[in-house]
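Q: Mind having a look at this structure? Questions to follow.
The values are calculated or read from the model by the stated rules, or taken from the named source; none is laboratory data. The model shown is predicted, which means the values in this text are computed figures rather than measured ones. Cβ atoms come from the backbone with ideal geometry, glycine included; neighbour counts cover every protein chain shown.
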Amino acid sequence: MTRTQKTVVVLVALVALGVGLIVNKALDGNAELNPAELIDAGIILLPQSRTVPAVSMIDQDGQPVVLDQLKGKWSLLFFGYTYCPDICPTTLAQLRQVKRDLPPAALERLQVVLVSVDPERDTVSQLKQYLGYFDKNFIGLRGSIADTQTLANALSIPFIPADTRKPGYTVDHSGNLAVVGPDGRQRGFIRAPFNTQKLVERLPGLVKRD
């Protein structure tokens, strides 16, 4: 084999290796998360994870839940309420769409949790019925206002408790989501308003992590 032929063989091998690496990365579903792409999708990761307070709540089935034990899956926590006129139904509809468009592998590792900021009206049955309009697998949680504020403040998504003596009262709250990892610790936020297409593109690369 001549020197020229050897050079051609080496170049072909290098090209094949490069193509293989590109294809493998594509199939791997974004092996390394690109911070700029995550930020563009509204996903902000914390430099260090945070402890989630061990507040006790009740889910939409009446079962007790301790928030620091929210483990095993990636959780998107949204602070809202069932009588919300705008932010909550819009957000839950968007999250339903995101779930519908995610690949099965990512969907299995993700759960959506609505934490009620209006436990006065959001009874267990009310939460279950309301969430059922969007996705039967959405989780609803209610607890005391004090515990809910402790949780919201710790996750840096505060809300202003309403004066429940006023008829038809509303609750001021954020549209952002808290991102909690499968270890039960907060990993970051998703900023509102949401771009559902970009979330569908970026969440699989995030939730494949442990």
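Q: Of the numbered conditions (1) among the charged types (D, E, K, R); (2) over 13 Å from Gln60 (Cα atoms); (3) not in a helix (DSSP H, G or I), Arg96 satisfies every one except a single condition; which is it?
A: Of the numbered conditions (1) among the charged types (D, E, K, R); (2) over 13 Å from Gln60 (Cα atoms); (3) not in a helix (DSSP H, G or I), the odd one out for Arg96 is (3).
Q: Pull out all pairs, ordered by first then second residue, where Cβ-Cβ is under 9 Å, the residues are six or more apart or on different chains, the first lies in the stretch 33-61 and is without any contact (Cβ under 8 Å) to a residue 40 or more places away in the chain, and the second is loosely packed, with under 13 Cβ neighbours inside 10 Å.
A: Close Cβ pairs (under 9 Å, with a partner that is loosely packed, with under 13 Cβ neighbours inside 10 Å) amount to Ala54/Gln69.
Q: Another one. Would you check if Leu45 is closer than 20 Å to Thr196 by Cβ and either assigned to a loop (DSSP other than H, G, I, E, B) or not small (Gly, Ala, Ser) (or both)?
A: Details: closer than 20 Å to Thr196 by Cβ: yes; either assigned to a loop (DSSP other than H, G, I, E, B) or not small (Gly, Ala, Ser) (or both): yes.
For Leu45, the condition - closer than 20 Å to Thr196 by Cβ and either assigned to a loop (DSSP other than H, G, I, E, B) or not small (Gly, Ala, Ser) (or both) - is met.
Q: Here's something else I'd like to know. Among the residues of the stretch 111-136 satisfying the criterion of being surrounded by fewer than 22 Cβ atoms within 10 Å (Cβ to Cβ) and of a type in the set (Gly, Ala, Ser), which is nearest to the chain's Cα centre (by Cα)?
A: Looking at the filtered set, the residue picked out is Gly132.
Q: While we're looking at this one, here's another question. Return the residue satisfying two criteria in turn: it lies in the stretch 45-85 and is modelled with pLDDT of 95 or more and of a type in the set (Asp, Glu), and of such residues it is surrounded by the fewest Cβ atoms within 10 Å (Cβ to Cβ).
A: Among them, the one singled out is Asp61.
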